[in-house]
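The values are calculated or read from the model by the stated rules, or taken from the named source; none is laboratory data. Predicted, not measured: the structure shown is a model, and the values here were computed from it. Virtual Cβ from ideal backbone geometry, glycine too; neighbours counted across all protein chains shown. Just so you know, the surface numbers come from the protein's heavy atoms only, side chains and all, with ligands and any DNA or RNA stripped out. Shrake-Rupley method; radii C 1.70, N 1.55, O 1.52, S 1.80 Å.
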Amino acid sequence: QVQLVESGGGLVQAGGSLRLSCAASGSIFGINAMGWYRQAPGKQRELVATFTSRGSTNYAESVRGRFTISRDNAKNTVYLQMNSLKPEVTAVYYCNADLKRTSGGYWFNYWGQGTQVTVSS
């Protein structure tokens, strides 16, 4: 069974920082694209930052320059460093990844359970 487990969310004051982590566990042969999405109350889920299948990064314009995505391939883990936080980024942050469980298998898309990020004004 493959799981994406997020951690690092919480309550922080405006201007503060948080670092989210997402670890992929289970029987994993390979990881393709991996990154972060978020969903605020009453809104659709949206991309925050991802590593693409080619290894480049892709950021939402609203977070560019304040958020940084990084990864540790040895640990199958991706991070999201969030600085200069604003109340409008309050949302549930979800990890997402395309994973292959065996060398001959198919790529499947997985979601984590989400971690709440709340920024108070």
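Observations, loosely collected:
- Taking all protein chains into account, the per residue accessible area for the chain stands at 54 Å² (1.4 Å probe).
- Counted residue by residue at 0.36 nm each, then reduced by the alpha carbon distance between them, the extension gain from SER70 to THR52 reaches 5.3 nm.
- Share of carbon and sulfur in the accessible heavy-atom surface of the chain [1.4 Å probe, %]: 46
- Once the C-beta distance of TRP111 and SER62 is scaled by a Förster radius of 22 Å, the resulting FRET efficiency is 0.55 to the nearest 0.05.
- Global form of region 37-93, assessed from the alpha-carbon gyration tensor, a/c cut-off 1.5: prolate
- Only Cα pairs under 8 Å and 6+ residues apart enter the sum, and on that basis the relative contact order of region 1-89 stands at 32 percent.
- Within the chain, antiparallel bridges make up roughly 90 percent of the DSSP beta bridges whose residues both belong there.
- All lysines inside 17 Å of LYS75 as judged from Cα atoms, apart from same-chain residues fewer than 8 positions distant: LYS100
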